[in-house]
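Structure record follows, encoded as structure tokens.
The values are calculated or read from the model by the stated rules, or taken from the named source; none is laboratory data. All values reported here derive from a predicted model rather than from experimental measurement. Positions of Cβ are generated from backbone atoms using ideal geometry, with glycine treated the same way; all protein chains shown enter the neighbour counts.
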Amino acid sequence: MTSKRRNALGRHELEPLDARAARVAALDALARRDYASEDLRRKLLEKGYDVVVVAPLLDALRAERLLDDRRYAENFVTYHAARGQGPLRVRAKLRQHGLVGTLVEECLDAFPDWIVHLRKARRKKFGATLPSDIADKQRQVRFLDYRGFTSAQIRTALGFDIDLDSDIEEL
């Protein structure tokens, strides 16, 4: 059985149940860049391969370690953190790629340099000096919040007194 057949216009049509062609398409995609399992699944289904071919193919690629969600998540976290994005934003983007749960949390927790990257992003946008007035502080906090850093990370990096900023009042 060939992977493609010609339609009435002479164009090649994909054979949805051709496991060999699906594997070639998956390997071709993985040769260009790494994919999360869900991304590759979507890509193959969008090309027209049937789910009964795609699901076992993904399992085989995982067994061969050609497809590895942990490796993908670790590289994704490192890349996006280096671009000045915080853990909240990176988590949301990983969710868009179909990665959730303990794998994502482990990769985010294992990344040691969130504060370093937060400071780089802040310095690139606002310069080396820390904000002195309340308006500058609020503007920088909004920027860092938008970038996906946590409140605790922002407070630590901007040198806020955590005791004075706490939301809990003592009785």
Report yes if some residue within segment 135-142 is small (Gly, Ala, Ser) and farther than 30 Å from ALA31 by Cα; otherwise report no.
yes
With the requirement that a residue be of a type in the set (Phe, Trp, Tyr) and not in a helix (DSSP H, G or I), what does segment 79-127 give you?
PHE111
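Quick one: would you say PHE76 is within 30 Å of LYS125 (Cα to Cα), among the aromatic types (Phe, Trp, Tyr), surrounded by 13 or more Cβ atoms within 10 Å (Cβ to Cβ) and modelled with pLDDT of 95 or more? Walk me through it before giving the result.
On the way: within 30 Å of LYS125 (Cα to Cα): yes; among the aromatic types (Phe, Trp, Tyr): yes; surrounded by 13 or more Cβ atoms within 10 Å (Cβ to Cβ): yes; modelled with pLDDT of 95 or more: yes.
So PHE76 fits the description; yes.
Any residue at all in segment 82-95 that's more than 21 Å from ASP145 (Cβ to Cβ) and without any contact (Cβ under 8 Å) to a residue 12 or more places away in the chain? Steps first, please.
Of all residues in segment 82-95, those more than 21 Å from ASP145 (Cβ to Cβ) come to none.
No, segment 82-95 contains no residue that is more than 21 Å from ASP145 (Cβ to Cβ) and without any contact (Cβ under 8 Å) to a residue 12 or more places away in the chain.
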Checked pairs for segment 123-141, first without any contact (Cβ under 8 Å) to a residue 40 or more places away in the chain, second in a loop (DSSP other than H, G, I, E, B) and surrounded by fewer than 14 Cβ atoms within 10 Å (Cβ to Cβ), C-beta under 7 Å and 6 or more apart or across chains, list as LEU130/GLY159
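In the set ALA8, ALA25, which member is outside the structural domain of LEU144 (by TED's automatic domain parsing) and at pLDDT below 95? Reasoning before the result, please.
Numbers: ALA25 fails: at pLDDT below 95.
Matching residue, one of ALA8, ALA25: ALA8.
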For the structure I just gave you, tell me whether PRO56 is closer than 22 Å to LEU144 by Cα and of a type outside the set (Gly, Ala, Ser).
no
